[in-house]
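The values are calculated or read from the model by the stated rules, or taken from the named source; none is laboratory data. The model shown is predicted, which means the values in this text are computed figures rather than measured ones. Neighbour counts are summed over all protein chains in view; Cβ atoms, including those assigned to glycine, are modelled from backbone coordinates with ideal geometry.
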């Protein structure tokens with residue numbers, strides 16, 4: 001009887017379990033120290049776990065991510081049930097920053113792309129690679145390369161889709177002007193993977209905490225690109 | 001003679017200027033598709049996207065949280081529920097051991113409006129064991145034939161516990177330094193605190209070294225400085241159940257490299273000390289001299305440990321090398337333990353191979369034996385090969401699914417004869 005009860009309890013637990021938000025997503029290795037480095041004036045931080053498959057409208061968000069990232073999602077690193085961790089940084093009671101990380105596959109292994117964001121303007125304050133397994137790691141981690149991302153928003157990435165096709169020389173294409181520190185060299189694919197990681201991170205941040213404020217740019221880029229393609233025909 | 005002036009450069013210049021002017025005019029005629037989305041450039045003009053472009057900034061002070069039911073509060077946010085299935089069969093010397101389980105893990109974090117302040121983690125398993133034999137990942141299971149409800153991790157972390165006493169400046173200065181842990185978790189010796197061996201067949205040293213790999217404890221952990229972390233605990237020294245049988249318990253301290261070394265160089269490592277009294281029936285059974293001096297199962301214990309792990313990316317995947325070593329004593333017996341492991345994981349994260357050598361030496365032979373009793377040997381050592389095919393191997397370890405074949409060849413035994421143990425394991429954690 002005891003065995004039966006134990007077995008029943010186990011089955012009930014498994015059957016009744018709701019899929020919960022995982023809190024073990026792409027996390028900072030030492031949140032307190034890493035966040036302090038990014039925001040020296042901070043006093044406290046909050047961690048929030050996000051997982052698309054447990055969020056209301058998660059399926060639609062996942063589809064949106066796929067469409068907006070502009071390339072296939074990796075079946076190991078970028079699944080529907082991949083957990084994410086969002087850090088909100090405070091000075092006293094004031095929100096002074098948001099930090100979020102994603103994993104993307106690179107040529108040499110995993111690339112963990114963390115963005116420290118301005119909570120109001122949704123601009124990148126700082127790009128930080130946590131884990132970067134690449135022959136080009138040194139060049140990609142160099143401040144000169146990472147600095148090129150400061151001030152960019154998701155809108156700049158959507159605009160890049162249009163400018164790349166319609167006017168590659170445009171000085172409005174801020175993303176197109178980002179210079180690869182390893183052009184043609186070993187690990188050059190990891191430059192593209194890193195830029196893709198930044199874009200993916202920004203899309204998720206737009207979904208998670210910026211109330212999709214960059215959607216008009218995505219829609220406009222799509223329309224404009226369609227016109228360019230129609231013109232080419 | 002005055003050189004003859006040519007008109008050609010002026011003509012070329014004029015032509016170029018005209019071309020540029022035409023190009024500029026025609027470019028100006030093209031409408032930038034994003035122009036009307038850029039609010040700063042179009043201020044004063046009707047912008048159909050203005051309300052989207054300029055959303056209300058977030059409030060300076062977070063709004064007070066809406067009242068929630070206790071269930072929403074507990075399960076609604078930062079609550080993780082993971083399920084686990086493990087099916088394992090081991091074969092050795094004609095004996096077949098089946099160990100099957102279903103389990104779950106909960107992880108909950110609590111936050112105030114401005115800070116995450118606590119986390120709770122618990123792992124449970126309902127296990128069915130038939131004909132248990134000694135295998136590396138189930139030392140505690142030898143006496144648990146049949147059904148058994150087990151807990152593994154069971155602990156509460158309180159983050160930045162002195163914050164209520166600190167000014168904002170002090171909070172910032174000591175962020176991550178004073179975290180408090182109470183409950184049951186891995187011992188602060190070796191790499192176990194940084195390694196999840198919950199589902200693996202290959203284990204680290206602690207279970208064999210102390211008789212348990214987890215213990216009940218309370219103490220502090222956190223950041224010591226930019227390069228080092230610390231763990232400092234009082235441990236009950238009782239292993240699975242929290243119990244007092246006269247032992248004083250142990251103090252455990254570990255200083256380890258900051259996680260940034262792992263991120264930047266693939267390097268983990270630390271030094272650790274554990275001293276005091278623990279309960280260990282196995283240590284008493286193993287050594288006559290320990291049995292003679294121990295107070296029942298209470299064993300006077302001292303260990304100093306050194307550990308390191310190095311992960312290196314290779315063109316087809318990752319190589320990881322692990323070392324754990326401890327020296328010390330059980331009562332008056334000197335003890336020396338070593339563990340070496342090399343592991344390869346293919347880039348696809350689908351296939352893994354690992355090899356491990358472990359050796360536990362204890363200076364058992366100094367005391368006279370009872371007549372007719374065989375003196376135990378000084379060394380337990382074995383070599384193991386582990387092959388894994390992963391169906392899922394999430395980099396964050398939040399989804400794991402594998403089949404594993406593990407072959408362990410025991411080279412020397414303190415008690416009994418060396419055998420070969422073959423284990424086949426199916427594991428899923430999601």
Filtering the stretch B:255-279 down to residues that are in contact with a helix residue (DSSP H, G or I) (Cβ under 7 Å, 6 or more places away or on another chain) and more than 14 Å from every other protein chain (Cβ to nearest Cβ) yields B:278
In the stretch A:162-178, residues that are buried (at least 16 other Cβ atoms within 10 Å of the Cβ), out of contact with any helix residue (DSSP H, G or I) (no Cβ under 6 Å at 6 or more places or on another chain) and not in a loop (DSSP other than H, G, I, E, B) total 1
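A quick yes/no check of all residues on (1) modelled with pLDDT of 90 or more; (2) surrounded by fewer than 18 Cβ atoms within 10 Å (Cβ to Cβ):
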residue	(1), (2)
A:64	yes, no
A:71	no, yes
A:77	no, no
A:80	yes, yes
A:89	yes, no
A:102	yes, no
A:118	yes, yes
A:124	yes, no
A:134	no, no
Name every residue in the stretch A:81-117 that is within 26 Å of residue B:117 (Cβ to Cβ) and free of Cβ contacts under 8 Å to residues at least 40 places away in the same chain, in order of residue number.
A:93, A:94, A:95
Only one of (1) crowded, with 19+ Cβ neighbours inside 10 Å; (2) touching a residue at least 24 places away in the same chain (Cβ under 8 Å) fails for residue B:192. Which number is that?
(2)
So which residues in the stretch B:332-362 are buried (at least 19 other Cβ atoms within 10 Å of the Cβ) and outside any strand (DSSP E or B), if there are any at all?
B:347, B:349
Identify, please: which residue in the stretch A:200-215 is part of a helix (DSSP H, G or I) and surrounded by fewer than 20 Cβ atoms within 10 Å (Cβ to Cβ) and is, among those, farthest from the other protein chains (Cβ to nearest Cβ)?
A:208
Scan of the stretch B:84-114 for residues that are under 18 Å from the mean Cα position of the chain (by Cα) and either more than 9 Å from chain A (Cβ to nearest Cβ) or within 16 Å of residue B:197 (Cα to Cα) (or both), ordered by number:
B:84, B:104, B:105
Tell me yes or no: at least one residue of the stretch B:118-133 is surrounded by fewer than 18 Cβ atoms within 10 Å (Cβ to Cβ), farther than 25 Å from residue B:401 by Cα, touching a residue at least 24 places away in the same chain (Cβ under 8 Å) and within 21 Å of the chain's Cα centre (by Cα).
yes
For the stretch B:67-83: of the residues being assigned to a loop (DSSP other than H, G, I, E, B) and touching a strand residue (DSSP E or B) at 6+ places or on another chain (Cβ under 9 Å), which is nearest to the other protein chains (Cβ to nearest Cβ)?
B:78
If you check B:344, B:340, which single one turns out to be more than 26 Å from residue B:83 (Cα to Cα) and within 14 Å of chain A (Cβ to nearest Cβ)?
B:344
Can you spot a residue in the stretch A:28-36 that is over 14 Å from the mean Cα position of the chain (by Cα), surrounded by fewer than 16 Cβ atoms within 10 Å (Cβ to Cβ), at pLDDT below 90 and at negative phi?
no
The residue that is nearest to residue B:167 (Cα to Cα), considering only those in the stretch A:39-50 that are surrounded by 20 or more Cβ atoms within 10 Å (Cβ to Cβ) and more than 7 Å from chain B (Cβ to nearest Cβ), is A:39
Where residue B:325 falls short, out of the listed (1) modelled with pLDDT of 95 or more; (2) crowded, with 19+ Cβ neighbours inside 10 Å; (3) under 26 Å from residue B:275 (Cα atoms)
(2)
All but one of (1) more than 30 Å from residue A:49 (Cα to Cα); (2) surrounded by fewer than 18 Cβ atoms within 10 Å (Cβ to Cβ) hold for residue B:426; state the number of the condition that does not hold.
(1)
Could you list, in sequence order, all residues of the stretch B:173-207 that are outside any loop (DSSP other than H, G, I, E, B) and in contact with a helix residue (DSSP H, G or I) (Cβ under 7 Å, 6 or more places away or on another chain)?
B:186, B:192, B:206, B:207
Quick check: anything in the stretch A:94-108 over 17 Å from the mean Cα position of the chain (by Cα) and within 30 Å of residue B:390 (Cβ to Cβ)?
yes
For the stretch B:390-417, how many residues meet the condition of being surrounded by fewer than 21 Cβ atoms within 10 Å (Cβ to Cβ), away from every other protein chain (no Cβ under 14 Å) and in contact (Cβ under 8 Å) with a residue 12 or more places away in the chain?
10
(1) out of contact with any helix residue (DSSP H, G or I) (no Cβ under 8 Å at 6 or more places or on another chain); (2) under 28 Å from residue B:188 (Cβ atoms); (3) crowded, with 17+ Cβ neighbours inside 10 Å: which one isn't true of residue B:108, the others all being true?
(1)
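A quick yes/no check of all residues on (1) modelled with pLDDT under 95; (2) within 12 Å of chain A (Cβ to nearest Cβ):
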site: B:200; (1), (2): yes, no
site: B:203; (1), (2): yes, no
site: B:207; (1), (2): yes, no
site: B:211; (1), (2): yes, no
site: B:216; (1), (2): no, no
site: B:219; (1), (2): no, no
site: B:228; (1), (2): no, yes
site: B:231; (1), (2): no, no
site: B:234; (1), (2): no, no
Of those in the stretch A:179-188 that are more than 13 Å from chain B (Cβ to nearest Cβ) and exposed (fewer than 15 other Cβ atoms within 10 Å of the Cβ), the residue nearest to residue A:50 (Cα to Cα) is A:179
For the stretch B:250-297, which helices (runs of 4 or more DSSP H) that fit wholly inside it have 2 or more residues that are at pLDDT below 90 and either more than 20 Å from the chain's Cα centre (by Cα) or within 15 Å of residue B:187 (Cα to Cα) (or both)?
B:281-286, B:288-293
